[in-house]
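The values are calculated or read from the model by the stated rules, or taken from the named source; none is laboratory data. From a predicted model like this one, the values you see are computed outputs, not experimental measurements. Glycine gets a Cβ as well: all are built from the backbone with ideal geometry, and neighbour counts include every protein chain shown.
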Amino acid sequence: MPTVQQWIGAIRPKTLPTAMAPVAVGGAIAWKLGAWNGGLWAWIMISSLLLQIAVNLANDYDDAINGTDTPRRVGPTRLTASGAISPPRMRMIVWGSIALATASGVGLIGVGGWPILLIGIASIAAIRGYSGGKKPYSHRGLADGVVWLFFGPIACQGTVWVMAHSLSVTALLLGAALGLVAVAVLVLNHLRDETEDRLTGKHTLVVRWGTQFGIWEYRLCLLVACLLLLGMAWLGRHWVLLGVALVLLPTALRLMARLTQSNVDYTHLLGQTARFGLAMAFGCALSIVAPTATLGEADSFVMLDYQEGKL
């Protein structure tokens with residue numbers, strides 16, 4: 001059986017901030033809308049982390065079964081591919097993790113209604129379709145868009161919806177920025193694994209269009225995320241958010257510069273980028289709950305109450 005350290009590696013803790021970031025911002029927006037519930041927010045956060053862990057474990061299993069993970073692998077050792085755990089046992093653990101994430105999310109459906117049900121179904125489908133099945137979408141260059149959507153606008157807006165039953169322009173825009181950072185984390189994975197992915201037929205965007213494309217994709221993801229915050233702050237005269245964006249921008253530029261250096265430690269840079277996303281999330285959250293911050297009349301442009309059937 002794998003050691004505790006190996007299990008910690010399998011859940012890929014460096015990727016977990018990408019699941020935490022949009023929920024943190026969504027909670028701040030719900031607080032500003034007068035719908036804060038600490039217990040409910042913690043529940044959403046736990047559900048989000050369980051989904052991320054399920055994705056990581058499923059990827060560990062699927063990439064071993066599909067032959068994507070081989071002895072040539074550069075990144076951290078995977079449990080299934082290394083033989084630390086048998087494929088049948090890992091498959092059981094994967095489905096157990098999905099079941100646990102589903103059980104946690106079922107209760108949220110009772111609070112958020114059919115929109116959360118749809119998000120839950122889509123999330124489970126995304127987990128199994130990421131690297132599993134005959135045509136996993138991560139092998140066809142589609143992972144970047146899916147990661148942006150689920151770890152950006154959907155996660156942030158979904159959090160606001162459960163707590164406030166409201167659609168929020170701020171949640172969608174800030175979620176879009178955070179989703180770009182999540183894509184940057186994914187790109188580092190693809191750059192690190194480019195050689196192996198090319199040999200095993202995993203056609204990521206980096207494999208399709210080359211290393212330089214991946215480098216520029218990473219740079220643009222971080223730069224556009226910061227520029228989006230700057231644009232929101234300037235147009236909304238939100239000076240606290242402007243300060244957050246100006247503080248984050250130099251860090252983003254330093255991360256971008258490190259990718260151009262020779263002998264890049266992609267795993268280390270991945271962790272730094274994920275933490276950058278978490279810092280962005282907490283900076284945005286603090287700017288939202290600041291006494292001077294206002295979301296504006298247009299922010300919650302649709303108020304829905306699924307229990308009363310109103311649209």
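Check every one of the helices (runs of 4 or more DSSP H) wholly within segment 1-94 and list those with 2 or more residues that are touching a Pro at 6+ places or on another chain (Cβ under 9 Å) and of a type outside the set (Lys, Arg). Show your work before the answer.
Numbers: elements: 4-10, 17-32, 38-65, 79-82.
So the answer is 4-10, 38-65, 79-82.
Sort through Arg237, Arg254, Arg258, Arg219 and tell me the only one that's within 28 Å of Ile29 (Cβ to Cβ) and among the charged types (D, E, K, R). Steps first, please.
On the way: Arg254 fails: within 28 Å of Ile29 (Cβ to Cβ); Arg258 fails: within 28 Å of Ile29 (Cβ to Cβ); Arg219 fails: within 28 Å of Ile29 (Cβ to Cβ).
The unique qualifying residue is Arg237.
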Inside segment 38-64, the number of residues satisfying the requirement of being in contact (Cβ under 8 Å) with a residue 60 or more places away in the chain and of a type in the set (Val, Ile, Thr) is 2
Go through (1) more than 15 Å from the chain's Cα centre (by Cα); (2) modelled with pLDDT of 85 or more; (3) within 29 Å of Lys135 (Cα to Cα) one by one and return the number of the condition Gln52 breaks. (1)
Check Trp216 against each of (1) in a helix (DSSP H, G or I); (2) under 25 Å from Ala290 (Cα atoms); (3) without any contact (Cβ under 8 Å) to a residue 24 or more places away in the chain and name the one condition it does not meet. (2)
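Considering segment 228-281 alone, what residues qualify as being charged (D, E, K, R) and under 18 Å from Tyr218 (Cα atoms)? Show your work before the answer.
If we filter segment 228-281 for residues that are charged (D, E, K, R), which is where we start, we get 237, 254, 258, 265, 275.
Within segment 228-281, Arg254, Arg258, Asp265, Arg275 qualify.
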Please verify whether segment 293-307 includes one or more residues that are more than 30 Å from Trp114 (Cα to Cα) and either modelled with pLDDT of 90 or more or among the β-branched types (Val, Ile, Thr) (or both). no
Which residue out of Leu174, Leu186, Leu191 is within 18 Å of Ala252 (Cβ to Cβ), touching a Cys at 6+ places or on another chain (Cβ under 7 Å) and either touching a residue at least 60 places away in the same chain (Cβ under 8 Å) or outside any loop (DSSP other than H, G, I, E, B) (or both)? Leu174
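Would you check if there is a residue in segment 219-239 being of a type in the set (D, E, K, R) and at positive phi? Even if it seems obvious, please write down each step before you answer.
Quick first cut of segment 219-239, residues of a type in the set (D, E, K, R) only: 219, 237.
From the residues that got through so far, the ones that are at positive phi too are 237.
The answer is yes; a qualifying residue exists.
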Going residue by residue through segment 120-128, is there one that turns out to be farther than 23 Å from His190 by Cα, crowded, with 17+ Cβ neighbours inside 10 Å and at pLDDT 85 or above? yes
Residue match in segment 96-109 (condition: assigned to a helix (DSSP H, G or I), under 19 Å from Met1 (Cα atoms) and either modelled with pLDDT of 85 or more or under 18 Å from the mean Cα position of the chain (by Cα) (or both)): yes
Of those in segment 201-250 that are hydroxyl-bearing (Ser, Thr, Tyr) and buried (at least 17 other Cβ atoms within 10 Å of the Cβ), the residue farthest from Ser138 (Cα to Cα) is Tyr218
Residue among Val160, Val181 that alone is crowded, with 23+ Cβ neighbours inside 10 Å and farther than 21 Å from Thr273 by Cα: Val160
